[in-house]
Amino acid sequence: MGSERLAIGIDLGGTQIRGALIDEAGTVLHREAMATAATAGAEAVVAQIAALARAMAERAGGAVLGIGLSAPGPLDAPNGIALSTPTIAGFTDFPLAQAVEAASGRPVLLENDGIAAAIGEWRFGAGRGLDHMVYATVSTGIGGGVIADGRVLRGRMGMAAHIGHMIVVQGGAPCACGAHGCFEAHASGPAFVARARGAAREDVGSTLHANAETLSAAEVFDAAGAGDALARRLVGEEAELLGLGFGNLLHLYSPDVIVMGGGLSHQFDRLEPLISPAMRRNVLPPFRSVPLRRALLGDNSGLVGAASLLFERG
Ligand code: BMX
Ligand code: ZN
């Protein structure tokens with residue numbers, strides 16, 4: 001791998017910690033993952049991150065610039081602190097970057113997972129070359145990141161773009177954050193599946209009825225493709241909700257493009273033709289030409305974006 005500059009990207013999630021070795025062109029040279037020790041306490045998770053980083057550094061066979069760490073939940077990213085991450089025990093006001101630096105012996109830059117993925121897509125993916133971009137991950141939750149005027153919008157304490165907690169339904173579904181009616185409480189993958197299971201239980205005429213209790217998102221999309229009326233309605237409702245949230249983002253940030261990633265983006269080909277008209281219906285005419293695109297780096301957006309923070313630093 002010669003003299004090219006390399007960095008480690010780590011994506012910390014509630015179920016998996018993923019590591020990757022990245023070069024300056026955004027190429028993923030190596031990847032590994034492990035199950036997050038989410039109930040074992042912060043030090044155990046830090047040791048896991050350090051072990052993954054060590055494995056990546058061994059692959060590099062030479063110097064790496066450091067670790068870009070992408071993590072969920074509100075973070076004080078500039079100070080490297082995890083403020084409150086309900087999915088991982090011990091991550092309340094925890095000096096995460098400092099702990100990983102001590103355990104790994106390498107410099108660490110911390111970034112919210114949504115912002116890290118936005119940076120990955122902006123530098124190397126669907127937003128390449130654009131000055132204005134909104135990234136949305138529709139997954140277990142809904143996260144995001146905004147590029148405005150050619151810069152990453154970080155906001156106070158690096159907490160900007162928690163788009164999953166925009167309230168889209170007054171007095172709506174309870175959200176993990178404690179509020180009601182948040183975008184992610186209505187339009188995330190689990191919200192979609194819960195709605196589908198409930199409706200399938202009731203609708204004896206639907207092909208979804210027989211296995212209503214175990215229904216997955218992919219099964220609903222497949223049934224919609226095969227013409228099941230209930231499945232089509234459910235997919236249509238999901239697209240309407242995403243169109244509503246994305247329309248709000250168009251008005252707020254006036255991006256050149258909205259980039260969709262996360263688990264539900266695996267259904268992008270089925271969703272986009274439904275989301276785009278819904279999004280356009282919700283916005284002022286000059287915003288209607290903005291395209292919705294699929295994340296080009298797939299599951300790697302956050303890893304690549306986080307690692308690239310080290311290159312930018314020089
Ligand atoms: C939540 C929040 C965001 C995250 C988003 C998507 C937590 C634990 N997470 O809104 O930081 O970007 O979910 O998360 O507060 P994902 O795990 O579904 O990608
Ligand atoms: Zn919320």
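Among the conditions (1) aliphatic (A, V, I, L, M); (2) surrounded by fewer than 20 Cβ atoms within 10 Å (Cβ to Cβ); (3) modelled with pLDDT of 95 or more; (4) farther than 18 Å from residue 118 by Cβ, residue 244 misses just one, which is (2). Scan the range 186-196 and give yes if some residue there is more than 16 Å from ligand 2 (Cβ to nearest atom) and more than 20 Å from the chain's Cα centre (by Cα), otherwise no. Checking the range 186-196: at least one residue is more than 16 Å from ligand 2 (Cβ to nearest atom) and more than 20 Å from the chain's Cα centre (by Cα).
Which residues, taken from the range 69-86, are under 20 Å from residue 32 (Cβ atoms) and more than 16 Å from ligand 1 (Cβ to nearest atom)? If you could, list the steps in order and put the result at the bottom.
Residues of the range 69-86 that are under 20 Å from residue 32 (Cβ atoms), as a first pass: 69-72.
Scanning the range 69-86 gives no hits.
Total residues in the range 58-91 satisfying the condition of being among the small types (Gly, Ala, Ser), surrounded by fewer than 21 Cβ atoms within 10 Å (Cβ to Cβ) and in a helix (DSSP H, G or I): the figure is 1.
Checked against (1) within 11 Å of ligand 1 (Cβ to nearest atom); (2) open to solvent by 20 Å² or more (accessible area, probe 1.4 Å), residue 94 meets all criteria but (1).
Table: residues versus (1) of a type outside the set (Asp, Glu); (2) away from ligand 2 (no atom under 16 Å from the Cβ).
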{"position": "76", "(1), (2)": "no, yes"}
{"position": "80", "(1), (2)": "yes, yes"}
{"position": "85", "(1), (2)": "yes, no"}
{"position": "103", "(1), (2)": "yes, yes"}
{"position": "111", "(1), (2)": "no, yes"}
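Considering the range 1-15, and only residues there that are at pLDDT below 95 and either aliphatic (A, V, I, L, M) or touching a strand residue (DSSP E or B) at 6+ places or on another chain (Cβ under 6 Å) (or both), the residue that is farthest from residue 304 (Cα to Cα) turns out to be 1. Residues in the range 154-199 that are closer than 20 Å to residue 113 by Cα and free of Cβ contacts under 8 Å to residues at least 12 places away in the same chain: 155, 156, 175.
Listed here are the residues, each with its yes/no results for (1) within 14 Å of ligand 1 (Cβ to nearest atom); (2) touching a Lys or Arg at 6+ places or on another chain (Cβ under 7 Å).
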| position | (1), (2) |
| --- | --- |
| 218 | no, no |
| 224 | no, yes |
| 238 | no, no |
| 245 | yes, no |
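Only residues that are open to solvent by 30 Å² or more (accessible area, probe 1.4 Å), within 16 Å of ligand 1 (Cβ to nearest atom) and either part of a loop (DSSP other than H, G, I, E, B) or of a type outside the set (A, V, I, L, M, F, W, C) (or both) were counted in the range 146-167, giving 8.
Every residue in the range 1-36 that is part of a loop (DSSP other than H, G, I, E, B) and surrounded by fewer than 17 Cβ atoms within 10 Å (Cβ to Cβ), please. If you could, list the steps in order and put the result at the bottom.
Of the range 1-36, the ones part of a loop (DSSP other than H, G, I, E, B) are 1-5, 13-15, 24-27, 36.
1, 2, 3, 4, 5, 14, 15, 24, 25, 27, listed by residue number.
Of the residues screened, residue 108 is one that is outside the structural domain of residue 174 (by TED's automatic domain parsing) and β-branched (Val, Ile, Thr).
The values are calculated or read from the model by the stated rules, or taken from the named source; none is laboratory data. Everything quoted here is computed from the prediction, not taken from an experiment. In this analysis, Cβ positions are derived from the backbone assuming ideal geometry, glycine residues included, and neighbour counts consider all displayed protein chains. Accessible surface is based on the protein model in full, side chains and every heavy atom, while ligands, DNA and RNA are left aside. Shrake-Rupley method; radii C 1.70, N 1.55, O 1.52, S 1.80 Å.
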